[in-house]
Each structure stands twice: as C-alpha cells, then as structure tokens.
Amino acid sequence: MRAEAGCLRYDLHAVEGEPDRFVLLEEWESPEHLAAHVESPHMRQAGKTSAEFRAGPAELLRLGPSLPG
C-alpha cells in the first residue's frame, strides 16, 4: 500500500490488551488518491476475503489535521 501513488501513511497498530483488534492509520495526498486505492484490484479482493476473519464491520473514522502541541 505504501508504494501506491499518493500514499503518505499506511501504518497498522495493535490495540494493547486486545489481541484481536488493530488500528490502521492511512493518510493520502487527496480524496482522489484514496478513491483510486479503494477501487484498486487488491483492495477489492481484500474486501471480499476480509469478511472471513472479521467479527463485524470495520469502524471508519475520518480524522482532521493534527492539533498543535
């Protein structure tokens, strides 16, 4: 994923104390780059196969810019 055009960040983090949960932080140059990623063949395939190991749907949070500090 990191090699895709427009990908600024694609980092997977474990959730401490919850071995079956993780957080994926993605950052893209533009909404168009993100849309191209979502429609890519590998992401379409991932969408088909991820339901086999997920307990439920992914929660998507769109974050704003980092706060100063």
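Observations
- Dipole axis of the chain (+1 Lys, Arg; -1 Asp, Glu on Cβ), positive-most option in His37, Ala3, Leu25: His37
- Each helix, a run of at least 4 DSSP H residues, gives -39500 (n - 2.57); summed and divided by the residues of the chain, these come to -7500 deg cm²/dmol at 222 nm.
Throughout, read-outs are computed from the coordinates displayed, never taken from laboratory work. As the structure is a computational prediction, the values presented were derived from the model and not from experiment. Counting neighbours? That spans all protein chains shown, and the Cβs are built from the backbone with ideal geometry, glycine included.
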